[in-house]
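Report on the structure given below.
Values in this text are rule-based calculations from the coordinates and carry no lab data. Model, not experiment: these values are computed from the prediction. Methodologically, a virtual Cβ is constructed for each residue, glycine included, from the backbone with ideal geometry; neighbour enumeration extends over all protein chains shown.
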Amino acid sequence: MAAGISRWASALDGLVSDLFADRQYMSIVERDVRDGQHRNPTDKDYFTTAYFHRPEELRGEVEQAGLRVEGVYGVEGPGLNRNRLFLDAVRTCCLWLIRLQGSQPD
């Protein structure tokens, strides 16, 4: 079994943890989604330096390592937290995230 971190991980964490009030966090998420390079130039605990994947990249990396891929599955998503704070954050951030995704090349 292998696990990777999605390019959308920071976006989901930002929604659940109400981090989008911080413009610096928004910039971190934009880069994560754009090129997968997670960089935290702040002194806040916004995770470590890392590369965040797209699903098709995971498949390729695992196959390149000589392993057989039986499936690639998402195990986390925006439905993990359904409290009121989460729903309010969704209203505030979802359109921004959708626009961000729409600006990405196919």
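Kindly state, to the nearest 0.05, the FRET efficiency for ARG59 paired with ARG31, given R0 = 25 Å and r defined as their beta-carbon distance. Rounded to the nearest 0.05, the efficiency is 0.60. What the phi angles of the range 59-72 give under the Karplus curve with 6.51, -1.76 and 1.60, with θ = phi - 60°, is a coupling list of 4, x, 5, 5, 5, 4, 7, x, 9, 8, 9, 8, x, 10 Hz, glycine and proline written as x. When you count the other C-beta atoms within 10 angstrom of each residue and take the mean per peptide, 68-76, 35-43 line up highest first as 35-43, 68-76.
Residues whose amide H lies under 5 Å from that of GLN37, counting only those 5 or more places away or on a different chain, are PHE52; hydrogens are built 1.01 Å from N in the peptide plane.
The HN-Hα couplings worked out from phi for the range 19-33 by the Karplus form 6.51 cos²θ - 1.76 cosθ + 1.60 (θ = phi - 60°) are 9, 6, 5, 8, 4, 4, 5, 4, 5, 4, 4, 4, 5, 3, 5 Hz, whole numbers, x standing for Gly and Pro.
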